[in-house]
Amino acid sequence: MASTSHSHDDLGTPAEMHADCRATGDRLGLRRAAELASRPAPSLHFDEQPGERPKPRIEISEAAARLAAALYGR
C-alpha cells in the first residue's frame, strides 16, 4: 500500500523554522571558535600537558532538536 504522508507534512511554519535556525546559529559559538582558532597552538611537549581534563559537556537546545527532527524525520 502506498503511503499518503509526505516528508514536509509535519514541518513547522516558515516563521517557526526561521526562529529555530536563528536560535541554533546563536548557540554555535562561531565568534568564540574564531577567537580560539587565531590563538597560538598549544605546546606538544608531554611535560607541559595537564594531567586530567574533563570531557566537554554538549547541550542540545529544543530548537536544534526540532531542526534535526525535521531534517532527519525523527
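In this label model, Tyr72 and Leu44 are separated by 3.4 nm, measuring between points 7 Å along each Cα→Cβ vector.
Using packing as a proxy for protection, rank 61-67, 24-30 so that the peptide with the highest average count of other Cβ atoms within 10 Å comes first. Don't skip to the end; give the middle numbers.
Details: 61-67: 15.1, 24-30: 11.7.
Order by mean packing, descending: 61-67, 24-30.
For Glu16 and Lys55, the FRET efficiency from 1/(1 + (r/R0)^6), where r spans their Cβ atoms and R0 equals 25 Å, is about 0.15.
For the chain, find the longest principal axis of its Cα atoms and tell me its angle to the long axis of helix 62-72, 0 to 90°, nearest 10. The helix 62-72 is inclined about 60 degrees to the chain. The string of couplings for region 43-59 from the Karplus curve (6.51, -1.76, 1.60, θ = phi - 60°) is 5, 9, 6, 4, 5, 9, 8, x, x, 10, 10, x, 5, x, 9, 10, 10 Hz, one whole number per residue in order, with x for Gly and Pro.
Each reported figure results from applying straightforward, stated rules to the coordinates on display, with no laboratory input. Owing to the predicted nature of the structure, the values given are computational and were not obtained by experimental measurement. Please note: Cβ atoms are built from the backbone with ideal geometry, for glycine as well, and neighbour counts cover all protein chains shown.
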